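Bear in mind that the values in this text are calculations on the coordinates, not laboratory data. Just so we're clear, the structure is a prediction, and the values are computed from it rather than from any experiment. Because the Cβ atoms are built from the backbone with ideal geometry, glycine has one as well, and the counts that use them run over all protein chains shown.
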Amino acid sequence: MEPQIGHPSADSGTSQIRSPERRDRNVKRSLGRLKPYAPFFALIALSLVIGTMNPRFFEFNNLIRVANSAAIPLVLALGMTFVIVLGSIDLSVEGVLAIGAVLISLLVRNNGNANDLGWFGVVLAILACGAIGCLNGVIHVGLRIPSFMVTLGMWFIGVGVATLLLGGSTVRVLDKEIRSLALDRPLGLFPIAVWVALGALGITWVIERRTRIGRYIYAIGGGEDLAALSGIPVQRVKIIVFTIAGTLYGLGGLLAAAQLGQGNALIGSGRLFSTVTAVVVGGTALTGGEGGVLNTLVGVMIMAVLGNGMVLLGISPDLQQGVQGILIIVAVALSLDRARLKIVK
Amino acid sequence: MNPPNKDISGIPIPRRTFIRRTAALAGATAVMSIAPRRAFAAGTPTVVNSIRSLSNPYHATWNQGGQAFAKSIDADYVTLVTEGDSEKGIADIRAILAKTGGNMVLNVDPNDSPDARPIVEACVKAGAYVTTQWNKPADLHPWDFNPNYVAHIAFDGVTYGEDTGNALIKAIGGSGGIVALGGILSNTPAIERKTGLEKALKANPNVKLLDFQVANWKSTEAFNIVSAWLTRFGDDIKGIWAANDDMAVGTLEALRAEKLAGKVPVTGIDGIKTAIEAVRAGEFAATVSWDPYWQGSMGLSIAYAAKTGKIDPAKEPKEHREFYGTGVLITKENADEFYKTHIESEPKIDFNDYWGRVTGQIRQS
């Protein structure tokens, strides 16, 4: 490249004329426009760093593995997203997931009883999970109990019911078709579970962008009192959102049962924290009204890439948790538009 | 929107009514707590197991053992669960001590090591007999609390970590690369089992540990780590060692998703049903069973023997007071037999064989 000192371009000429404050403002504005995409850039940067240090990261087989480890978290986080956009929280993930996985394991061909309902059993179990989600919503709205408490209770009830159903033991799924969700790869591409998760993403995206419910969710999350005054059926929307969440946790239960080939009461343990983290890292604010399912996709991918990358780079297990914590804070710091928050709680 | 007067919690209760109700409630509680004490005090002691939860197969089997022992002496049986909460664990034990007036024997798997001390002290104070398992502080000894603190039972993680390590090394033909999954870094069993694996590796210099990762005892985390390992090491992985069965199951399913189940041998520890089935199917090279049925029944039986005077704890040697139990290494050779005797049917245990499974006094570290 030739140094351009002798021939300043028109562009650099104008920028010299601009006052420093104005340039500052322009930079700020364009940064502000980029802000919502910060998690996406973080994901790209993270992938590039890992890929540079271990090129095997970009191998097709590894991309399949990353997608596979993201499938269940994605389905769960999609359900959580709408709840968080509402400004509520749903802690019942692990309980509902456990019920879903245990019911499915008990209804399809298994080594615990004589049932063999196949996909009909799966539908029943997922409907049951939707009903639990609906119950969450009804109790939350009807008795005016904060969603935090209702869903906390439902978490314990869920694990308790799953424990009762199995007496603390584990039941194995013998139904080949259910297992094929995790084991079969159509066309040598991703396992079916990944396609199921993408399907869930598509459906929730349509709900978010193309339906009235989708718009209502944001209106309520942005300001519930205003939303109510403008005639939005706040209570009904909330119940629907919790029902959608429960249904998706049930779907997550199906994928978990297919992946591990078994159902037990503790199959969901540890899922709550990773689900909320993925949603928030993706840029959906816990205060509600902001973010969405595409953010959640990015958040889940960040967590999946991170988990995969730390093993690929051989980061010592003692350090991993710390690294994960730092990256979570950085991702949220980059993506959250704190200037617009009046209060930070 | 709900009108404000629908809010039930907002209804003010007059102060006097509140006091009266509280007094009534307190009175009722007092009566209730006195009444059963008389009923419980006489006759056969109540037998109590305190464990983490009934949601996992390990403690569920433990509980079955307790039920079987209680039935054998025709006693009331109570299961307490901590659900991972130390406070709850200790409070529940205090409550049952008060309820039975101390006429009970307790077999406890304390939620955390420090919990053992208040539990033992409460039992000594109430005159109950107690056996602890797995967790206790290193300076808390049964012989310092004669006769009520009867025994402490644990299993030597080093020995069995080494045993499964050796079984894995044998399965891969004595040379090649392996990877290993550990439990929560600060847990004693996790540390001990890893030490055991390292001993096995030291004796077999042709086997290389490619990487060690922590999956926090969980199958889901193991699944993702193993997937990533397959990218990093590919065919170099000849075998996978896991510090417990749950992680080993996650490992096996990750291998199955890559059509490698049965080709890359896996070992676990704990002896859950799924693991023993996997050994039978040739997908696991080995696991170790602690026989939780034995733990749940013999912990009670030893304490009950002290309570009824069949043994005098003060006269027993230290290796009967703080001992390592016997785990069973399960490999292809004995898996079918073990499955028949322990999984398909209730294990037969001689409740009077108190010291049959002692494999030595616990190391003082």
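Could you please rank B:Phe145, A:Phe82, placing first whichever residue has the fewest other Cβ atoms within 10 Å of its Cβ?
On the way: B:Phe145 16, A:Phe82 32.
Going from sparsest to densest Cβ surroundings: B:Phe145, A:Phe82.
Can you run the Rg to Rh ratio on segment A:110-157? Use alpha carbon positions and the Kirkwood inverse-distance Rh.
Values: Rg = 14.7 Å, Rh = 12.4 Å.
Rg divided by Rh gives 1.18.
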Exercise. What relative contact order, as a whole-number percentage, does chain A give when Cα pairs under 8 Å and 6 or more residues apart are counted?
Worked result: 31
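Provide a whole-number value for the mean count of partner chain Cβ atoms within 10 Å of the Cβ atoms in peptide B:217-229.
Numbers: counts 1, 4, 8, 12, 4, 1, 7, 10, 6, 2, 10, 14, 3.
Across B:217-229, the average partner-chain Cβ count within 10 Å equals 6.
Starting from 0.36 nm per residue, how many nanometres of slack lie between A:Ser316 and A:Leu226 once their C-alpha separation is accounted for?
On the way: separation 90, 0.36 × 90 = 32.40 nm, distance 5.03 nm.
Gain on extension, A:Ser316 to A:Leu226, equals 27.4 nm.
Report the local net charge at A:Val234: Lys and Arg +1, Asp and Glu -1, summed over other residues whose C-beta lies under 14 Å from its C-beta. Don't skip to the answer; put the middle values down first.
On the way: positive: A:Arg144, A:Arg212, A:Arg215, A:Arg236, A:Lys238; negative: A:Glu224, A:Asp225.
Counting the neighbours of A:Val234, the net charge comes to +3.
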Problem set entry | Total charge dipole magnitude, segment B:57-143, about the Cα centre, Cβ charges on Lys, Arg, Asp, Glu only, Debye to nearest 20 | 240
Exercise. Quick one: in the protein assembly as shown, what % of C-alpha pairs are over 40 Å apart?
Worked result: 41
Seminar exercise, completed: A chain fully extended from A:Phe41 to A:Arg215 at 0.36 nm per residue, minus the present Cα-Cα distance, gains in nm 60.0 nm
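Just the ratio, please: alpha-carbon radius of gyration of segment B:157-289 over 2.2 N^0.38 Å, N its number of residues.
Numbers: Rg = 12.7 Å, N = 133, 2.2 N^0.38 = 14.1 Å.
Expressed relative to 2.2 N^0.38 Å, the Cα Rg reads 0.90.
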For this session: From other protein chains only, count the Cβ atoms within 10 Å of every residue's Cβ in B:160-172, then give the mean.
Result: 0
Seminar exercise, completed: If A:Met301, B:Met247, B:Met298, A:Met53 are placed from fewest to most neighbouring beta carbons inside 10 Å, the sequence is A:Met53, A:Met301, B:Met298, B:Met247
Exercise. Which whole number gives the average count of other chain Cβ atoms within 10 Å of the Cβ atoms across peptide B:241-247?
Worked result: 1
Exercise. Distance in nm between label sites at B:Thr188 and B:Ser113, each 7 Å beyond Cα in the beta-carbon direction?
Worked result: 0.6
For this session: Report P(r) for segment B:224-322: all Cα-Cα distances, bin width 5 Å, range 0 to the bin holding the largest distance, values in whole percent.
Result: 3, 12, 19, 15, 10, 7, 7, 8, 7, 6, 4, 2, 0
Exercise. In what sequence do B:Thr341, B:Thr131, A:Thr163 fall when counting other Cβ within 10 Å, fewest first?
Worked result: B:Thr341, A:Thr163, B:Thr131
For this session: With just the Cα atoms of chain B, tell me how far they stretch along each of the three principal axes, in Å, largest first.
Result: 77, 71, 39
For this session: Taking the dipole about the Cα centre of the protein assembly as shown, with the C-beta of Lys and Arg at +1 and of Asp and Glu at -1, give me whichever of B:Asn135, B:Phe351, B:Gly177 is farthest to the positive side.
Result: B:Asn135
